[in-house]
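Here's the structure, in structure tokens; my notes come after.
The values are calculated or read from the model by the stated rules, or taken from the named source; none is laboratory data. Keep in mind that what you see is a predicted model, and the values were worked out from it rather than measured. All Cβ positions, glycine included, derive from the backbone under ideal geometry; neighbour counts span all protein chains shown. These accessible areas exclude ligands, DNA and RNA; they are computed on the full protein's heavy atoms, side chains included. Shrake-Rupley method; radii C 1.70, N 1.55, O 1.52, S 1.80 Å.
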Amino acid sequence: MRVIENEKTRKALRIGVPIVLTASAMLCALFATDGRKYVVITVIVALLTLLLFAAGFDRRRIGSRRLILGAVFTALSVTGRFIPLLKPMSAMIIIAGLYAGPETGFLVGSTSALISNFWFGNGPWTPMQMVALGLTGFFAGVFSPLLEKSRAALIAYGALSGIFYSMFMDIWTVTSSVGTLDLHEYLTALYYALFFMISYAVSNALYLFLLAPPFGRKLRRIKDKYGL
Amino acid sequence: MIWFDKCNPFPALFYFISVTVLAALFNNPYHTAVTLAASIVMFVFMRGRARVALSFSVVFVLTFIVNPLVSKKGATPLIFIGNDPITLESIIYGLNSAAMILSVMFLFFTFTRLLDSEKLLYLLSPFSASAAMTVSAVLRFAPLYLRQARLISAQQKVIGAEGGRSIPERLRSGVRVFSALSTWALENGIIAADSMACRGYGTGKRTFFSFFGFRPSDLVFLLLSAALTAGAAVPAAFSRLSFMYYPVIVLPETGTAFAVSAASYTLLVFLPLIFEITDRIKWKYLQSKI
């Protein structure tokens with residue numbers, strides 16, 4: 001059952017709503033007049049984004065194969081988080097978005113953040129991580145025509161999304177510790193977290209370089225073998 | 001926490017959300033201390049390991065350090081690093097918010113321990129059946145894949161494909177294992193999906209099965225925690241109960257409003273422990289009568 005029949009409107013909504021919500025989260029946090037409630041605002045808006053996505057996801061009937069494929073990608077990226085130092089987690093999420101579309105990308109990103117945190121520690125930061133990784137997978141799906149064509153673009157996207165993830169999570173670092181968020185504090189936090197930002201960007205680029213072409217082949221093989 | 005484990009997941013979720021939100025909103029040393037005390041008692045009740053508590057304290061120290069380093073607010077500079085002052089107020093604020101985060105981490109430890117896959121599925125299915133299905137499938141796949149990865153790695157060793165100790169070699173063999181794992185996982189997933197389809201997944205009207213009823217004590221717990229949440233939050237809307245840190249520390253107004261709010265909050269935070277202990281006492285009493 002589809003609520004909105006027009007394909008173009010649905011597509012616009014699908015892409016627009018997360019962007020609008022995330023932007024409003026940032027704006028609420030930046031311009032809220034009352035000085036100290038940013039933590040709550042950020043977490044609540046992050047939760048809202050996730051709920052909205054989950055509700056929208058269910059409107060469409062998806063086959064069991066697509067559903068399980070999403071679960072397989074998620075489980076692989078959760079498994080990838082157990083590799084020490086350089087983690088292929090975000091790379092797997094990007095690959096999922098690339099080959100299975102933006103919605104599956106978002107689902108894989110957010111679910112793998114939630115589930116891997118059962119081992120690595122859940123907390124109020126989980127919704128933020130879910131949104132950050134979800135958007136990583138989502139935009140990989142949105143830009144997939146470009147990213148599938150050029151390997152350089154894919155690796156650049158991986159590095160950029162690592163930087164984006166680090167910057168997004170530093171909003172949480174600052175709001176949770178300082179309570180407010182202004183540009184100077186945020187930049188200082190970014191400076192102190194530079195090492196993590198570089199390690200995310202490098203591991204994303206590296207794993208996309210190593211894993212993306214074989215994954216394309218594997219998925220083509222599955223398509224041939226099972227007629228997906 | 002036997003009582004809390006048997007509790008319906010929705011009241012439990014409501015409790016955890018309202019305590020977390022209230023702790024963050026009040027953000028004052030009294031509330032932080034109460035939350036920390038209760039969360040540590042729950043951590044002990046849940047038999048949390050000392051190693052876990054130690055890893056939490058690392059996060060505590062890191063969160064505490066960030067604030068004085070990053071924030072330049074506050075009227076009482078203590079020392080200067082370069083041109084940047086480290087102020088007394090920012091140290092106290094950092095200490096409080098780090099303790100708040102620490103208590104929330106202890107609370108979430110308890111919550112994650114209580115929230116097994118069955119409960120997660122129960123909580124998610126009203127919002128999105130597909131997302132709930134995905135989550136439960138992942139909870140089964142992730143440990144399976146970890147085991148399979150160990151198997152593949154052992155087989156690689158046997159055929160002598162496991163490289164040397166240098167970082168590029170280890171990376172290469174890691175990627176090889178991961179690649180073999182994903183080929184296997186994709187095929188395994190398709191077979192699982194087809195088997196689901198054969199058994200009629202997604203054909204008829206969706207029905208739910210759950211282990212969780214709604215006991216009278218769950219309802220009492222839900223109503224009490226809602227009332228206490230209101231009791232803690234409503235007085236705060238009418239008078240200034242929050243703690244001011246910047247530019248100088250100003251204590252909140254004390255009076256009836258503060259007393260009502262603080263008492264309700266304290267009761268709210270300790271509520272599951274009260275239920276737990278009452279239950280244990282009742283159990284002991286019933287046993288001794290037999």
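Counted as qualifying within segment A:120-195 are the helices (runs of 4 or more DSSP H) with 3 or more residues that are more than 10 Å from chain B (Cβ to nearest Cβ), namely A:126-142, A:144-149, A:151-178. Residue count for segment A:152-181 under the criterion of being under 30 Å from B:ILE92 (Cα atoms) and free of Cβ contacts under 8 Å to residues at least 12 places away in the same chain: the result is 2.
Yes/no matrix, rows are residues, columns are (1) modelled with pLDDT under 90; (2) in contact with a strand residue (DSSP E or B) (Cβ under 7 Å, 6 or more places away or on another chain); (3) open to solvent by 10 Å² or more (accessible area, probe 1.4 Å); (4) within 10 Å of another protein chain (Cβ to nearest Cβ):
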{"position": "A:PHE53", "(1), (2), (3), (4)": "yes, no, yes, yes"}
{"position": "A:ARG66", "(1), (2), (3), (4)": "yes, no, yes, yes"}
{"position": "A:LEU69", "(1), (2), (3), (4)": "yes, no, yes, yes"}
{"position": "A:LEU86", "(1), (2), (3), (4)": "yes, no, yes, yes"}
{"position": "A:SER90", "(1), (2), (3), (4)": "no, no, yes, no"}
{"position": "A:ILE94", "(1), (2), (3), (4)": "no, no, no, no"}
{"position": "A:THR104", "(1), (2), (3), (4)": "yes, no, yes, yes"}
{"position": "A:VAL108", "(1), (2), (3), (4)": "no, no, no, yes"}
{"position": "A:SER116", "(1), (2), (3), (4)": "yes, no, no, yes"}
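Taking first residues from segment B:160-174 that are more than 9 Å from chain A (Cβ to nearest Cβ) and closer than 17 Å to A:LEU206 by Cα and partners that are assigned to a helix (DSSP H, G or I) and at pLDDT 75 or above, the Cβ contacts under 7 Å between residues at least 6 apart in sequence or on separate chains come to B:SER173/B:GLN156. Taken together, B:LEU120, B:LEU102 contain a single residue that is modelled with pLDDT of 85 or more, within 25 Å of the chain's Cα centre (by Cα) and either within 11 Å of chain A (Cβ to nearest Cβ) or under 24 Å from B:VAL21 (Cβ atoms) (or both), which is B:LEU102. Among residues of segment B:124-151 being surrounded by fewer than 17 Cβ atoms within 10 Å (Cβ to Cβ) and part of a helix (DSSP H, G or I), the one that is nearest to the other protein chains (Cβ to nearest Cβ) is B:LEU146. Taken over segment B:185-219, the residue count meeting the criterion of being of a type outside the set (Asp, Glu), buried (at least 16 other Cβ atoms within 10 Å of the Cβ) and assigned to a helix (DSSP H, G or I) is 9.
B:GLY48 meets each of the listed conditions (1) under 27 Å from B:THR254 (Cα atoms); (2) within 15 Å of the chain's Cα centre (by Cα); (3) open to solvent by 10 Å² or more (accessible area, probe 1.4 Å) apart from (1). Do you know which residues across segment B:4-13 are more than 13 Å from the chain's Cα centre (by Cα) and open to solvent by 10 Å² or more (accessible area, probe 1.4 Å)? Residues satisfying the conditions are B:ASP5, B:LYS6, B:PHE10.
Scanning segment B:56-89 for residues that are in a helix (DSSP H, G or I) and free of Cβ contacts under 8 Å to residues at least 40 places away in the same chain gives B:VAL58, B:VAL61, B:LEU62, B:THR63, B:PHE64, B:ILE65, B:VAL66, B:ASN67, B:PRO68, B:LEU69, B:VAL70, B:LEU88.
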